[in-house]
Amino acid sequence: MLGGKVAKITCKINGLEKSFGRNHVLRGIDLELHAGEVTALMGANGAGKSTLVKVLCGYHHADAGELELAGQPFAPIDAADAISKGVVTVHQSIDDGVIPDLDVATNLTLDRLTEPGAGLFVNDRKLRQRAEEVAASMGLDMDVRARVADLDVADRQMIAIARAMARSPQLLILDEPTSSLSASEAERLFSLIDRLRADGVAILYISHRMSDLRRVADRIVSMRDGAISGIFEGEELDYVGAVNAMLGHQMTEVDIEPVTGGETILEARNVKLFQDSAPISFSAREGEVIAFTGLLGSGTTELAEIVFGLSEAAGGELFLDGKPYHPGNASQAVGMGVFMSPKDRGSNAVIGDFDIANNMTLPFLKAFSTFSFLSERAQRRAANEMIGKIGVKCESDRDGIGTLSGGNQQKVMISRWLLQASRVLLLDEPFQGVDIGARRDIGRYIRETSAGRTTLVFVAEIDEALEIADRIIVLNEAAIAGEYRNKNIDLNGLVADVSGRVREPLPEEAGASSGQGAGRQAEAG
C-alpha cells in the first residue's frame, strides 16, 4: 500500500512448494507483488530465494501452489515463456544476462532480432540506432560497437540491466544488481527503478545491502528455511527487524578487538597503481587483517592484482619478509606464499564441471599427490574438514559446485586458499553476493586463522570492512585517503574519505600531514 491507496497486484503467489529430492526448499510461500512497488527480498544462503526466483522466471516448475500474473494463471514452461509474459530477471551472475562475444548493440537488441517476422537480414544502422536509444534510456555512455567481453564488470552489469528494461516487463526481478556497480552507477540504476516504479512496474529486489534497501525498498520480505519469516512495510521500515527475521535470532554488532600484529610481512613503498596516480605506502603485519575500501575505480582491485603478480605497478617497490618482491605471474606469487581469492567467482574462480572437493583443492593438487598419483582420499578428507570449519551447506563434498547457493560457492572459493598456509592472503570482494550470516561465518574464520600470515581484504562496502578488519585503509583515486584502527571509528570521516568529500579535520589533526596527499590517519578512543 502506497500513499494510502491499495496497490494493484501484479503477481500473486499462493502456497508455493518446491523440493529437490528430500530437500524441501520452498514451504508454502504466500506473497503478493504490487504494481509500482519495490519489494526487497532478504534471506540467508539456502533460505530459498534463488529457487523462488527460478520458479517465477520459468527455470523450475513448482510442485504445488499457484501463481497469478496480472490476475491470470501463470505457469511459465521456460524462461523464454516467462519473459514473453512479462517476467524479466537480471541474475546475479552477470554473464547470464549478456553474450560476451557479441557487441553492445547486438546484446541490447537481441530480443528484437529474434522476434517472429524480424527477417533474415539485419539493418546495421537501424540496429545501432535502436541500441543507442536503449543505452541512452539507462544513462549508458559507451560505444555500442564495442565487444561486451572487452568491457569491465560494471559495464556488463549495466548492459544486462538495460537489456532487461528493453523488454518492458510487468515484473522485474533484480538479483544483487549493485554488487559490481560504483556509487554513481548504482544511483543511475536507482533513478531508473524510480521511473519504472512510477510507470507501474512491480519490482522484486534481492539484496542484503542496507544502503540499497534504504534507497529503493517500499517493503521488505524476509525468508528463512524456505518460508516467509517476516514482512515489513509502512512509513518507517524496520531494517533491524527484517535482518532478525532473516537470521532467526537477534542481530548483534560484531565487536572486534583490533590487534597490532607482529613483524612486517608485506611492505609497499611508494607504489603507484597507475602512471599518473599518487604513490602509496603501507606495512602489513603478521596476524593482522587489513581492509582496503573505496568506491569502484578507487584502485582496490588494481592493488590486489599487483601484489598477486597479475599486473605491474607503475612505480615503487614491494617487499615480502624484508626482501624485494616482484612476482612475474600468479604462479610465482603462490610459490612465494601469496594467495588470492579473486572477485567475480563466476568467471575467475568456479569450475562449473567440478564438484566441491575438486574446486576447493585445485591449486594444491601436488600436496595430495605422491609420485604424480593423486590421493583422492587425502584430497576429500581435507575438503571435508574445511567444509565443516567454514560452514559450507551441502550434502557432501561430491556435490556439484553449481548446486550450491551463491554464498556457499563463495565459501568454497575462500576455503580453496585457506587449505594451505600462506604468508599473504588477498581476498578481493570475499562477501560479494553473500548474506549477513554467511558473511560473518567467513569473517570469523578468516580472523581465527590469521596467525602466521597477513590478510588483505578488498571491499567496497564500509560495513564489511568494519566486520572483519583490525585496520581500515581507504583508497580514493588510487591514493590513500585515510587510515583507521577499527575501534570507535569516526564514521563520518571514514565515509567522507571513501566518497572523496571534503570534511572538516578533527582537532587533533589540525596542522598534521600524513605524507599521502589528502591522506590521514585517525583513531578515536
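The values are calculated or read from the model by the stated rules, or taken from the named source; none is laboratory data. Worth saying up front: this structure is predicted, and the values here are computed from it rather than measured. No Cβ is skipped: glycine too gets one built from the backbone with ideal geometry, and neighbour counts run over all protein chains shown.
Residues in region 395-418 that are farther than 22 Å from THR301 by Cβ and buried (at least 20 other Cβ atoms within 10 Å of the Cβ): ASP397, ILE401, LEU404, SER405, ASN408.
Return yes or no: is MET251 touching a Leu at 6+ places or on another chain (Cβ under 9 Å), over 29 Å from GLU477 (Cβ atoms), at pLDDT below 90 and surrounded by fewer than 21 Cβ atoms within 10 Å (Cβ to Cβ)? So MET251 does not fit the description; no. Remark: pairs (first residue in region 125-137, surrounded by 13 or more Cβ atoms within 10 Å (Cβ to Cβ); second residue of a type in the set (Val, Ile, Thr); Cβ separation under 6 Å; 6+ apart in sequence or on different chains) = LEU127/THR109; ARG128/VAL144; ARG130/THR109; ALA131/THR109; ALA131/VAL144; GLU132/VAL144. Of the set (1) in contact with a helix residue (DSSP H, G or I) (Cβ under 9 Å, 6 or more places away or on another chain); (2) over 29 Å from SER405 (Cβ atoms), all apply to GLU477 but (1). Among the residues of region 296-331, write down those that are charged (D, E, K, R), within 19 Å of ILE265 (Cα to Cα) and surrounded by 14 or more Cβ atoms within 10 Å (Cβ to Cβ). Those that are charged (D, E, K, R), within 19 Å of ILE265 (Cα to Cα) and surrounded by 14 or more Cβ atoms within 10 Å (Cβ to Cβ): GLU305, GLU317, ASP321. Just one of the listed residues (ALA70, ALA44, ALA62, ALA35) is under 11 Å from MET223 (Cβ atoms), in contact with a strand residue (DSSP E or B) (Cβ under 8 Å, 6 or more places away or on another chain) and not hydroxyl-bearing (Ser, Thr, Tyr), and it is ALA44. Just one of the listed residues (ALA481, ALA465, ALA512, ALA451) is part of a loop (DSSP other than H, G, I, E, B) and at pLDDT 85 or above, and it is ALA451. Here region 84-112 is the region considered, the condition is being β-branched (Val, Ile, Thr) and closer than 22 Å to SER207 by Cα, and the residue that is modelled with the highest pLDDT is VAL87.
So that you can scan it fast, the table gives a plain yes or no per residue for (1) of a type in the set (Val, Ile, Thr); (2) closer than 25 Å to SER19 by Cα; (3) in a loop (DSSP other than H, G, I, E, B); (4) touching a helix residue (DSSP H, G or I) at 6+ places or on another chain (Cβ under 7 Å):
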position: GLY200; (1), (2), (3), (4): no, no, yes, no
position: LEU204; (1), (2), (3), (4): no, yes, no, no
position: LEU213; (1), (2), (3), (4): no, no, no, yes
position: SER222; (1), (2), (3), (4): no, yes, no, yes
position: SER229; (1), (2), (3), (4): no, yes, no, yes
position: PHE232; (1), (2), (3), (4): no, no, no, yes
position: GLY241; (1), (2), (3), (4): no, no, no, no
position: ASN244; (1), (2), (3), (4): no, no, no, no
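Annotation note: of ALA198, ALA202, ALA217, the sole residue that is over 21 Å from ASP101 (Cα atoms), modelled with pLDDT of 80 or more, surrounded by fewer than 16 Cβ atoms within 10 Å (Cβ to Cβ) and aliphatic (A, V, I, L, M) is ALA198.
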